[in-house]
Amino acid sequence: MPGPIDDTAFETLYAIPLPPPSAHLKTYHLGHSLVGKDMPVMLAQLAGDGHSFNSQLGWGANLREHWEPDIPVKGFDSENTHPEFRDPHEALESGEYDAVVLTETVEIRDSIKYQDSQEYLRRWAKAAWEGNPKTRVYLYETWHNLDDKEGWLTRIDRDLGLYWEAEILRRTLAHEDITRPIYMIPGGQVMAAFTRRVEAAGGIGPIKDRADLFKDTIHFNDYGAYLMALTHYAVLYGRSPVGLPHALNKANGTPAADPGPEAARAMQETVWQVVTTYSPSGVAGG
């Protein structure tokens, strides 16, 4: 396993932002329930007609499980009963995707230690580029349980640099056969920033505190799914999400809970502030 690339090399790699795409995207999402079925559908509605996607999900599925044919993907049968399911190896080999979004399972320390996260990020990125050299590859940063004994915000603040970057992204980028950036979708950072904004304000619209973004201690509800859809939109399209609609449908066609104009605006502004001040997102500031 290579050591992580140093700070200077890392900063240089992301010094020039990506140009926003000139057309709607076809995206592939590989992950688990912190991607979920609803969030990519919400993203498609935000992006508008012409955006399309496919995915493979599991229950806490890691990048290694998704890659290896002899390792079962936990929850495969229940999580992939939707029309957008497509086998990831077949999908990437097709070369049809403009963007490929990968994520690792949490506890992130365990994935790094036992599932060789950096190696499987490398394999998936290479597969995407072999299928289509123009594909943009992203690593979606997530979060831990709200009741994490080390502190939910503490973990989000610390884990980005310590684990997602240093142990996964920077080690992957150190491989000689990885010759271009893998960009980041800073989902955890957005969750933390919006939580701080809401809690400092004593609540915004129907969202009073961090718990109102979740249906349990880790899985987002409709409000949290909307926040993550905005985050994906801002990063993948390189455009501000401010002003986008907030009354959306879920994957099953039913209306998602609407955060309302005040909370939606706060979410949109927070997303744009986070992604434009984090250079590995590839999004230009402004």
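The values are calculated or read from the model by the stated rules, or taken from the named source; none is laboratory data. Because the structure is predicted, anything quoted here is derived from the model rather than measured. Here the Cβ is made from the backbone with ideal geometry for all residues, glycine too, and neighbour counts use every protein chain on show. The protein model used for the area step is the full one, side chains on, heavy atoms only, and it has no ligands, DNA or RNA in it. Shrake-Rupley method; radii C 1.70, N 1.55, O 1.52, S 1.80 Å.
Okay, residues lined up against (1) among the β-branched types (Val, Ile, Thr); (2) under 29 Å from residue 243 (Cα atoms):
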{"residue": "20", "(1), (2)": "no, yes"}
{"residue": "35", "(1), (2)": "yes, yes"}
{"residue": "39", "(1), (2)": "no, yes"}
{"residue": "51", "(1), (2)": "no, yes"}
{"residue": "57", "(1), (2)": "no, no"}
{"residue": "63", "(1), (2)": "no, no"}
{"residue": "91", "(1), (2)": "no, no"}
{"residue": "94", "(1), (2)": "no, no"}
{"residue": "102", "(1), (2)": "no, yes"}
Subset of the stretch 61-73 [more than 17 Å from residue 118 (Cα to Cα) and under 20 Å from the mean Cα position of the chain (by Cα)]: 73
Unmet criterion (only one of (1) farther than 16 Å from residue 120 by Cα; (2) surrounded by 13 or more Cβ atoms within 10 Å (Cβ to Cβ)) for residue 182: (1)
Residues of the stretch 1-41 that turn out to be surrounded by 14 or more Cβ atoms within 10 Å (Cβ to Cβ), in a helix (DSSP H, G or I), over 18 Å from the mean Cα position of the chain (by Cα) and not aromatic (Phe, Trp, Tyr), as a count: 1
Residue within the stretch 224-246 that is loosely packed, with under 14 Cβ neighbours inside 10 Å and at pLDDT 95 or above present: yes
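Yes/no matrix, rows are residues, columns are (1) out of contact with any strand residue (DSSP E or B) (no Cβ under 6 Å at 6 or more places or on another chain); (2) touching a residue at least 24 places away in the same chain (Cβ under 8 Å):
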{"residue": "8", "(1), (2)": "yes, no"}
{"residue": "17", "(1), (2)": "yes, yes"}
{"residue": "23", "(1), (2)": "yes, yes"}
{"residue": "26", "(1), (2)": "no, yes"}
{"residue": "40", "(1), (2)": "no, yes"}
{"residue": "44", "(1), (2)": "no, no"}
{"residue": "62", "(1), (2)": "yes, yes"}
Extreme residue, surrounded by the most Cβ atoms within 10 Å (Cβ to Cβ), among residues of the stretch 42-96 that are more than 23 Å from residue 236 (Cβ to Cβ) and among the small types (Gly, Ala, Ser): 60
Pairs, first under 16 Å from residue 68 (Cα atoms) in the stretch 112-134, second open to solvent by 20 Å² or more (accessible area, probe 1.4 Å) and of a type in the set (A, V, I, L, M), C-beta under 7 Å, six or more apart: 118/1
Number of the exception - residue 97 against (1) under 27 Å from residue 254 (Cα atoms); (2) touching a residue at least 40 places away in the same chain (Cβ under 8 Å): (1)
Residues of the stretch 200-219 that turn out to be open to solvent by less than 20 Å² (accessible area, probe 1.4 Å) and within 20 Å of the chain's Cα centre (by Cα), as a count: 2
Options 170, 197; residue that is within 18 Å of residue 9 (Cβ to Cβ) and open to solvent by 20 Å² or more (accessible area, probe 1.4 Å): 170
Helices (runs of 4 or more DSSP H) lying entirely in the stretch 88-148 (those with 1 or more residues that are among the aromatic types (Phe, Trp, Tyr) and modelled with pLDDT of 95 or more): 108-115, 117-131
In the stretch 247-286, residue surrounded by the most Cβ atoms within 10 Å (Cβ to Cβ) [restricted to those that are in contact with a strand residue (DSSP E or B) (Cβ under 8 Å, 6 or more places away or on another chain) and among the hydrophobic types (A, V, I, L, M, F, W, C)]: 275
